[in-house]
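**Q** Can you keep this structure in mind? I'll have questions shortly.
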Amino acid sequence: DTLRAETETLGWRETSKGDTGVVWVRTTGFNQRDEQVLRFYRWVMVNKRDPKAPTNADDAPDLPATASLDHVAFPKIARFDASATGGDRCWEDYAPGERIVHPQGITVEEAEHQMATRLYQNTARVHFNQLQQAASRHGRRIVYGWHVISTAHALTFDGIENLLGIAAWNAGSHTNPTFAGDTIFAWSEVLERADIGRDDIGALRLRLVAVKNLDPNAEDLPLKAAGEDGRERYHPNVVLDLDYVGLLPKRAIV
């Protein structure tokens, strides 16, 4: 397939500091038959042409809280062989409110996150310029967020073995920095079990939480906690809070 993309600007707002602004856009991907294959919203921080000149821009768009599942595109499945994954849980076997603590941990190495940053074509110096980052608050490079996401998602195979694919991303936050040498653990929470009107697959809305250097299998780690000022903040070892929708086979085809 040959893919192309179109991006539409939806709104913008000046940051409180005033030297940058946030731009909201909607990007749509099409294949060579002009069929829509992907659509997503994103918002990015952009430098102003004149950082000192106020624009008073305040036109943030109203965005949906979750992605629509009305048009989930996934091939029809006649039969699913669960012996290939080693897990026997299907869509019906997960209950909203369930918490799945994944048993493994993965240590992030310096070389692999540097390579991932290049492969993802990320040019942020905070990820690859150690000479510059040596003088920063942390004194070292920060691991690129998508590398953290992919590492955490790999851990979910133990517990959600039969995930077929991801239908949508709803929201996500990189809550604390990750550095080389940190060991990542993860747990998943089932937020919702949605029937998308198909007899072969169903959808699970999942919350993936990644933590560093604390094993949630060994200790009860809270997602958030109140600070000295009374404000609730993420636990300092929580590095990712991700809300997405996964597709799983129904028991009828296993």
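**Q** Using the Cα atoms of the range 105-232, I'd like the radius of gyration and the largest Cα-Cα distance, Dmax, both in angstrom.
**A** When restricted to Cα atoms, the range 105-232 yields Rg and Dmax of 17.2, 57 Å.
**Q** Just from its helices, what would the mean residue ellipticity at 222 nm be for the chain, if runs of 4 or more DSSP H residues each count -39500 (n - 2.57) and the sum is divided by every residue, rounded to the nearest 500 deg cm²/dmol?
**A** On the way: 4 runs with 29 residues, N = 254.
That comes out to -3000 deg cm²/dmol.
**Q** Setting aside same-chain residues fewer than 8 positions from residue 76, which lysines have a Cα under 25 Å from its Cα?
**A** Qualifying lysines at Cα under 25 Å: 250.
**Q** Using a Gaussian network model of the chain with C-alpha springs under 10 Å, which one of 51, 75, 236 is most mobile by mean-square fluctuation?
**A** 51
**Q** Same structure again: What are the residues whose amide H is under 5 Å from the amide H of residue 170, where those residues sit 5 or more places off or on another chain and H is modelled from the backbone?
**A** 243, 244, 245
**Q** Relative to the Cα centre, what is the charge dipole magnitude of the range 66-123, using +1 at the beta carbon of each Lys and Arg, -1 at the beta carbon of each Asp and Glu, and rounding to the nearest 20 debye?
**A** Details: 5 positive and 9 negative charges, 36 e Å.
Approximately 180 debye in magnitude.
**Q** P(r) for the range 1-77, please, calculated from all Cα pair distances in 10 Å bins and given in %.
**A** Calculated over all Cα pairs of the range 1-77, the distribution is 16, 35, 27, 16, 5, 1 percent.
**Q** Let's see if you can work this out: charge +1 on each Lys and Arg Cβ, -1 on each Asp and Glu Cβ, no other charges. What is the dipole magnitude of the chain about its Cα centre, in debye to the nearest 20?
**A** Working: 29 positive and 36 negative charges, 164 e Å.
For this selection, approximately 780 debye.
**Q** Please give the per residue accessible area of the range 142-225, computed with a probe of 1.4 Å over protein heavy atoms only, in Å². Before the final figure, lay out each step's value.
**A** Details: 3220 Å² over 84 residues.
For the range 142-225, the per-residue accessible area is 38 Å².
**Q** Tally up the carbon and sulfur contribution to the accessible surface of the range 96-245 as a whole percent, 1.4 Å probe, everything protein left in place.
**A** Numbers: 3660 of 7510 Å².
Roughly 49 percent, rounded to a whole number.
**Q** In the chain, with Lys and Arg counted as +1 and Asp and Glu as -1 at Cβ, which of these residues, 145, 167, 16, has the Cα nearest the positive end of the dipole, that is, farthest along it?
**A** 16
**Q** Can you tell me which lysines have their Cα less than 21 Å from the Cα of residue 52? Leave out same-chain residues fewer than eight positions away.
**A** Output for residue 52: 17.
**Q** Can I ask one more? At a threshold of 8 angstrom on Cα-Cα distance, excluding pairs fewer than six apart, so keeping six or more, what relative contact order does the chain reach in percent? Walk me through the numbers on the way to the answer.
**A** Working: 494 pairs, mean separation 49.7, N = 254.
The value is 20 percent.
**Q** While we're here: Once you keep just the Cα pairs under 8 angstrom separated by 6 or more residues, what percentage relative contact order results for the range 202-252? Write out the running numbers ahead of the final one.
**A** On the way: 62 pairs, mean separation 29.1, N = 51.
Worked out over the range 202-252, it gives 57 percent.
**Q** If the only charges are +1 at each Lys and Arg Cβ and -1 at each Asp and Glu Cβ, what is the size of the charge dipole of the range 132-254 around the Cα centre, to the nearest 20 debye? Each step should come with its number before you reach the end.
**A** Values: 13 positive and 16 negative charges, 83 e Å.
Here the range 132-254 has a charge dipole of around 400 debye.
**Q** Okay, moving on. Could you tell me whether the chain comes out rounded, prolate or oblate from its Cα gyration tensor? Rule is a ≥ b ≥ c as square roots of the eigenvalues, rounded for a/c under 1.5, then prolate if a/b exceeds b/c, otherwise oblate.
**A** Working: a/c = 1.74, a/b = 1.25, b/c = 1.39.
Judged from the Cα gyration tensor, the chain comes out oblate (a/c at least 1.5, b/c at or above a/b).
**Q** Over the range 1-132, what relative contact order in percent results from Cα pairs under 8 Å that are six or more residues apart?
**A** Numbers: 129 pairs, mean separation 22.2, N = 132.
So the answer I get is 17 percent.
**Q** Follow-up. Which of the aspartates and glutamates could a cross-linker span from residue 212 if the Cα-Cα distance has to be under 20 Å and same-chain partners fewer than 8 positions apart are dropped?
**A** In chain and number order, the partners are 109, 110, 112, 158, 182, 189, 220, 232, 241, 243.
**Q** Go from 0 up to the bin containing the longest alpha carbon distance in the range 44-101, width 10 Å each, and give me the % of pairs per bin.
**A** It works out to 12, 23, 23, 14, 16, 11, 1, in whole percents.
**Q** Which one, 67, 167, 226, has the greatest fluctuation when you compute a Gaussian network model over the chain with C-alpha springs under 10 angstrom?
**A** Of the options given, 226 has the highest mean-square fluctuation.
**Q** Still on this structure, I have one more. Under a 5 Å amide H to amide H cut-off, with H placed in plane at 1.01 Å, what residues pair with residue 48 once short-range neighbours are removed?
**A** 21
The values are calculated or read from the model by the stated rules, or taken from the named source; none is laboratory data. Nothing here was measured: the structure is a model prediction, and the numbers come from that model. We place every Cβ from the backbone using ideal geometry, glycine too, and count neighbours over all the protein chains shown. Accessible surface areas use protein heavy atoms only, side chains included; no ligands, DNA or RNA. Shrake-Rupley method; radii C 1.70, N 1.55, O 1.52, S 1.80 Å.
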